[in-house]
Amino acid sequence: MRATALTPRHHHSWRNRPLLKTIRTIAFYALLLLLFFPFFFVFAWMIMGAFKTQLQNTAIPPLFLFEPTLENFDTVFRRNPMIQFLLNSIIVGTGATLLALIFGLPAAYSIARFKQQRLATAILIARIMPGISYLVPWFILFSNLKMIGSYAALILAHLLVTLPMTIWLMIGFFEDTPQELHDAALIDGCNEWGVFEKIALPLTKPGIAASAILSFVFSWNNFLFSLILASQATRPLPVAVFSFISYTQIDWGGLNAAATIVTLPVLVMILFVQKQMVRGLTLGAVKG
Amino acid sequence: MNKRILFLVAVALASIVILSACATPTQAPPAPTTAPAAPQPAAFNWKMRQGEKLRVAMVTQPWTQFVDKEVSKFKELTGIDVTYEILPEDQFRQKTTVEFAAGTSDVDVFLSMVAQEGIKYESAGWYMDIEKLVNDPKITDPKFDFKDFTTSGLGIAKLSNGKLIGLPVYNEFGALMYNKELFDKAGVKYPPKTIEEIEAAAKAIHKPSEGVYGFVGRGAGAASTSQFSSLMRSFGADWTDASGKAAVNSDKFLAAVKWYGNLHKQYGAPGATSFSWQQGQDLFINGKAGMWMDASVFFANVVDPKQSKIVDKAGITMAPGGPAGQTPYVGGWHLSIYEKTKHKEAAWLFVQWALGKEMVLKAQMNNITTSRVSAWESEEYKKANKYPEFGATFLQAMKVGNAQWNPPVLAVSEARDAIGAVIVKAIEGSDYTAEAAKANTKLQSLLDATPKLK
Amino acid sequence: MRQAASDIRAKPSGKIARGKIHLHERWSRWVFPAPAVIVLLALMAFPVGYTLYLSFTKWSPTAVGLPEFIWFENYIKLITDDERFINAVGRTILFTIVGVSIQCVLGVSLALIFNREFKGRGFFRTIFLMSMVATPVAIALVWMMILDINTGILNYILHSLAGVRVAWLSDRSVVLWSLILVDTWQWTPFIMLIALAGLSALPTEPYESAVIDGANSAQLLWHLTLPMLRPTIMVALMFRSIDALKTFDIIYVITRGGPAFASETLNLYAFSQGLFYFNMGYASAILMLFFLLVMGTSLLFIRLRRAASEAM
């Protein structure tokens, strides 16, 4: 049962008076819209900017009504191999996500099953280390391995973001699975791997989905690692946004169009999977 | 225990190797060139390095976009395949420096700014001596006409040790752009040439209540020092004194800082301390600023109807003169060859093609201020050029300009950050002399740490 | 209430099987996490070790020759003779404390709003979620436009309504707050989500008995909801603080630490020293101290959370 059902306002007497209730509802939505506005507006402004010409984008005062142009999107696709960048982001994101699951799931299971709290804390260190400190050493390492600019180097770099995250998210989900099933399976002669494979994994499917989505999103958004370790051929989308800032010109329309193209897939993705994502983001914290 | 660690390392390495096996190579496979053979000069064999591959690192800027469109012709001409990397300025510097430093870079040709990274790259031994290539008849097209480059253009590409580290793709000078309409409205004559004239004009034009400002220019710390260097010299100051000691808190330097700060405070736009070129340009091309002091390269934007509202009203002159004369800075990007390249000849062919007479004229026709006399003087360009005063100003600036728009140190960015802070404080109206003292100490330590070039 | 609170903290028991120690269990606990640990170690060991080593040296990649070993000189200089570093430390802490505090208050408030059924709940929640998953670099560029003093929409609105223009990015005393604004915009939803999940996991019994005892809604919120939510909030704060301390993308894009270093946090300073100035040794020393700061903060929160759980 959810606490929601019992929040105190349900017990107030005026709850039954229709007029007050209406006013209250209106006030509530007004407040909500007020809070909601800035979150919505930034995206709206970005998308509007994507349909403005350079003159319209730098106009003083800013324009709300204007004749939209598709030129920016044309520029984005003409000046950049956007399809290639998109593909790169997908390849790197998928690679980093899959590896994170392959390595992370057994680890998370073990931490949940055997209460390896210290290990969990130790894995957190990967998240604590400032990302910049990896850049130069990795560049040296990867270039000596002749891997610079390869997908493999990028995937490995992103793995450092996705793997600890996957582990931390999945600990909560594995802790959530009923212990009795484990015990029963063990008694039935399953070994630990069997339990993991046949019981734990199927039971935590939503969690795995959530981890995968979040891993993908974070890999998709990563800018710093991609900047230094990618080459022109493997460069992912976020770096591409920067190609609209040149030595002599910031092409605001193109930039907004590129920003829209970069953020849109993620935004659309969460429309479909927001339930799992919310659960994924929060379960680890609530369970901790 | 040790064995276990060894085992872990071995597993880790093995997984890396497995992963790298599925890595795609950095360079795209060469596109088969089936194009008919281009007309070739009989004397020079452009195909001498057919089949080789070049990697070129470039900065996002108009010339790069121009070359980008033409590069397929180079492949036709030489049979050399080119892959390139184009990044914005800061990211470009970070990436190339990290690459070169790691010692494993496969970059062959790159764009460089001598005054920015010249000392750093030269002391690390990353620049190839261009003059040696020019003087090698076996690999240099007799029609290349090296002498056609402006003397000052080549001078900018030279280091204090006399080594030519690249050839200029374009040059620029410290300019003052002005809005003729606003000048007429305020009843001021143009072009404004001295600091007094600028102050008077700014005063007459400045109407903040109407959103019109007298003067805009850079104020965002490090970004502002390059443009400021023109002013500094107008006041008779320089980064260092005659003996080479740091001098950014000299009386003359401080006078220049004070003047610049006051101009911003009295007749500038709000927020000047966050202004790089872009914010000044936004105001200027919207007709909201009487004058804009910045690099001449931006004039192309000012007269581009797609971006600017003041196409027909814009004028350009050199950065203002002061008590010590008029010495705008001059600079530009250069095409350099990486010393450790494995494709020296192919790289040189690329430079010759990209900066050959024909390509440079084409660039000039695309509003790029190139460094070849033949391009500036060609009938084709003269006919097409709608701003004859611009050409004259450009050539004049190249004659009198000073190429040291950055302090002569290895750690240029660090020095610019320190000196930029002085300018920020002056514009704010806070204690810039104390900041200048700090900056001077910093600059001196950076000068001390700068190696002498051999 | 004590009972109820400890209920939600209860871990899945696992104790039933305790008596029966399987042989598998002994090696499973090593084998299962091994691949992940090895990968992480392989990815981290060299960079961390190398950074630590470099922090004791004077080295620029443009210099010819090996790094020169100078022991603690970098650290001593940082602590005793580097104003930019000391300022950056203060700024980083200020940015984190103020930013995360605002996000915490806003986030928990939003969670309380969303913790009831209303029409359009899913829609609104999705919009709130969006800012969190949007690519930071892209969003930062959009904010840069919005905050521009002369052409930005925010100043246009302020100017039309109140007749003022704020120098969001050019006033040294304002710029850090502008960045906190952007950070808050992006990350308040994160705290909201976690608080929301915490709220929905709260037990109902304490409310029932409190209402019978005549508690009003403010009392319920203050004496029941918030204390029970505290362990959850602590976790959210820990993750948020780690990330806030390490904030890079938005500052790099919007201000690059300026004007005159007024928004330069530790991460930005280390980046400048490392990848603008190429003082690798010095930058490494900054990074090591920075690491200690983030590590200390995390340990603090782990401890605080434990205290919060035990207090109940």
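The values are calculated or read from the model by the stated rules, or taken from the named source; none is laboratory data. All values reported here derive from a predicted model rather than from experimental measurement. Here the Cβ is made from the backbone with ideal geometry for all residues, glycine too, and neighbour counts use every protein chain on show.
Would you mind stating whether A:Arg118 is surrounded by fewer than 23 Cβ atoms within 10 Å (Cβ to Cβ) and more than 14 Å from chain B (Cβ to nearest Cβ)? In short, yes.
Please determine, by comparing only the residues of region B:287-302 that are more than 20 Å from the chain's Cα centre (by Cα) and buried (at least 19 other Cβ atoms within 10 Å of the Cβ), which one is modelled with the lowest pLDDT. Walk me through it before giving the result.
Here is the first cut: in region B:287-302, the residues more than 20 Å from the chain's Cα centre (by Cα) are B:287-291.
Imposing the further condition that a residue be buried (at least 19 other Cβ atoms within 10 Å of the Cβ) reduces the set to B:288-291.
On the way: B:Lys288: 92, B:Ala289: 95, B:Gly290: 95, B:Met291: 97.
Among those that are more than 20 Å from the chain's Cα centre (by Cα) and buried (at least 19 other Cβ atoms within 10 Å of the Cβ), it is B:Lys288.
Condition test on C:Ser272, is it more than 9 Å from chain A (Cβ to nearest Cβ) and touching a residue at least 40 places away in the same chain (Cβ under 8 Å)?
Working: more than 9 Å from chain A (Cβ to nearest Cβ): yes; touching a residue at least 40 places away in the same chain (Cβ under 8 Å): no.
No.
Screening B:Ser274 with (1) crowded, with 22+ Cβ neighbours inside 10 Å; (2) within 22 Å of the chain's Cα centre (by Cα); (3) touching a residue at least 60 places away in the same chain (Cβ under 8 Å) gives one miss only, at (3).
Just to be sure before I move on: is B:Ala415 within 11 Å of chain C (Cβ to nearest Cβ), small (Gly, Ala, Ser) and not in a loop (DSSP other than H, G, I, E, B) in the structure I sent? Walk me through it before giving the result.
Working: within 11 Å of chain C (Cβ to nearest Cβ): yes; small (Gly, Ala, Ser): yes; not in a loop (DSSP other than H, G, I, E, B): yes.
Against the criterion (within 11 Å of chain C (Cβ to nearest Cβ), small (Gly, Ala, Ser) and not in a loop (DSSP other than H, G, I, E, B)), B:Ala415 qualifies.
Selection within region C:200-237: residues that are small (Gly, Ala, Ser), at the interface with chain A (Cβ under 9 Å from one of its Cβ atoms) and not in a helix (DSSP H, G or I). The member of this set that is nearest to C:Thr297 (Cα to Cα) is C:Ala201. Residues that are farther than 20 Å from C:Gly198 by Cβ, in a helix (DSSP H, G or I) and of a type in the set (D, E, K, R) within region C:77-133 comprise C:Lys77, C:Asp81, C:Glu83, C:Arg84, C:Arg91, listed in sequence order. The number of residues in region B:120-145 that are at pLDDT below 90 and hydrophobic (A, V, I, L, M, F, W, C) comes to 1. Tallying residues that are surrounded by 16 or more Cβ atoms within 10 Å (Cβ to Cβ), among the aliphatic types (A, V, I, L, M) and without any contact (Cβ under 8 Å) to a residue 60 or more places away in the chain within region C:58-92 yields 1. Contact map, region C:283-309: residues that are within 30 Å of C:Thr80 (Cβ to Cβ) paired with residues that are among the hydroxyl-bearing types (Ser, Thr, Tyr), Cβ distance under 6 Å, separation 6+ or inter-chain. Pairs shown: C:Ser284/C:Thr51; C:Ser284/C:Ser55; C:Ala285/C:Ser55; C:Ala285/C:Tyr75; C:Leu287/A:Ser133; C:Leu287/C:Thr51; C:Met288/C:Ser55; C:Thr297/C:Ser241.
I'd like to check something: does region C:258-266 contain any residue that is of a type outside the set (Lys, Arg), in a helix (DSSP H, G or I) and more than 10 Å from every other protein chain (Cβ to nearest Cβ)? Break it down into steps so the answer makes sense when it comes.
Taking region C:258-266 first, the residues of a type outside the set (Lys, Arg) are C:258-266.
Next, only the ones that are in a helix (DSSP H, G or I) stay: C:266.
Keeping just the survivors that are more than 10 Å from every other protein chain (Cβ to nearest Cβ) gives none.
No: zero hits.
When each of A:Leu135, A:Leu34, A:Leu145 is tested for being closer than 27 Å to A:Ala233 by Cβ, more than 7 Å from chain C (Cβ to nearest Cβ) and free of Cβ contacts under 8 Å to residues at least 40 places away in the same chain, the lone residue that passes is A:Leu145. Considering each residue of region C:121-132 in turn, at least one proves to be of a type in the set (S, T, N, Q), closer than 17 Å to C:Val253 by Cβ and modelled with pLDDT under 95. Across region B:373-393, the number of residues qualifying as assigned to a helix (DSSP H, G or I) and more than 13 Å from B:Thr150 (Cβ to Cβ) comes to 11. Scanning region B:63-95 for residues that are modelled with pLDDT of 90 or more and in a strand (DSSP E or B) yields B:Asp81, B:Val82.
Out of the residues in region C:238-252 that are part of a helix (DSSP H, G or I) and in contact with a Pro (Cβ under 9 Å, 6 or more places away or on another chain), which is farthest from C:Trp185 (Cα to Cα)?
Checking each candidate, the answer is C:Leu245.
When C:Val166, C:Val182 are checked against the criterion of being more than 7 Å from every other protein chain (Cβ to nearest Cβ), of a type in the set (Val, Ile, Thr), in contact (Cβ under 8 Å) with a residue 12 or more places away in the chain and not in a helix (DSSP H, G or I), a single residue qualifies: C:Val166. All conditions in (1) under 20 Å from the mean Cα position of the chain (by Cα); (2) within 9 Å of chain A (Cβ to nearest Cβ); (3) buried (at least 22 other Cβ atoms within 10 Å of the Cβ) hold for B:Gly331, with the sole exception of (2).
As a summary of the residue check, B:Ser229 satisfies the conditions (1) under 30 Å from B:Ser123 (Cβ atoms); (2) over 21 Å from the mean Cα position of the chain (by Cα); (3) not in a loop (DSSP other than H, G, I, E, B) except for the one numbered (2). Go through region B:406-423 and report how many residues are crowded, with 24+ Cβ neighbours inside 10 Å and farther than 14 Å from B:Val248 by Cβ. Qualifying residue count, region B:406-423: 2. Just checking, does region A:249-258 include any residue being at pLDDT below 85 and aliphatic (A, V, I, L, M)? Looking for residues that are at pLDDT below 85 and aliphatic (A, V, I, L, M), one finds at least one in region A:249-258, hence yes.
Surrounded by 17 or more Cβ atoms within 10 Å (Cβ to Cβ) and within 20 Å of C:Phe190 (Cα to Cα): does that describe C:Thr96?
Values: surrounded by 17 or more Cβ atoms within 10 Å (Cβ to Cβ): yes; within 20 Å of C:Phe190 (Cα to Cα): yes.
Criteria met by C:Thr96.
Condition test on A:Leu101, is it more than 28 Å from the chain's Cα centre (by Cα) and in a helix (DSSP H, G or I)? So A:Leu101 does not fit the description; no.
Let's see how each residue does on (1) of a type in the set (Phe, Trp, Tyr); (2) assigned to a strand (DSSP E or B); (3) not assigned by TED's automatic domain parsing to the domain that holds B:Ala201:
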position: B:Phe284; (1), (2), (3): yes, no, no
position: B:Gly287; (1), (2), (3): no, no, no
position: B:Met293; (1), (2), (3): no, yes, no
position: B:Ala300; (1), (2), (3): no, no, no
position: B:Pro305; (1), (2), (3): no, no, no
position: B:Val311; (1), (2), (3): no, no, no
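Do we find that C:Ser178 is within 18 Å of A:Phe41 (Cβ to Cβ) and buried (at least 20 other Cβ atoms within 10 Å of the Cβ) in this structure? Talk me through it step by step, then tell me what you get.
Numbers: within 18 Å of A:Phe41 (Cβ to Cβ): yes; buried (at least 20 other Cβ atoms within 10 Å of the Cβ): yes.
Considered against the rule, which asks whether it is within 18 Å of A:Phe41 (Cβ to Cβ) and buried (at least 20 other Cβ atoms within 10 Å of the Cβ), C:Ser178 comes out as yes.
Residues in region B:251-277 that are more than 9 Å from chain C (Cβ to nearest Cβ), in a helix (DSSP H, G or I) and under 27 Å from A:Phe244 (Cβ atoms): B:Trp277 alone.
When you look at B:Ala437, is it in the same structural domain as B:Val257 (by TED's automatic domain parsing), modelled with pLDDT under 95 and at negative phi, yes or no?
no
Listed by first and then second residue, the pairs with beta-carbon distance under 8 Å, at least 6 apart or on different chains, first residue in region A:96-113 and over 20 Å from A:Asp176 (Cα atoms), second surrounded by fewer than 24 Cβ atoms within 10 Å (Cβ to Cβ) and small (Gly, Ala, Ser), are A:Thr97/A:Ala212.
Looking at region C:267-283, can you tell me whether even one residue there is part of a loop (DSSP other than H, G, I, E, B) and touching a helix residue (DSSP H, G or I) at 6+ places or on another chain (Cβ under 6 Å)?
In the first step, residues of region C:267-283 are kept if they are part of a loop (DSSP other than H, G, I, E, B); the result is C:277-279.
From the residues that got through so far, the ones that are touching a helix residue (DSSP H, G or I) at 6+ places or on another chain (Cβ under 6 Å) too are C:277, C:279.
Within region C:267-283, one or more residues are part of a loop (DSSP other than H, G, I, E, B) and touching a helix residue (DSSP H, G or I) at 6+ places or on another chain (Cβ under 6 Å).
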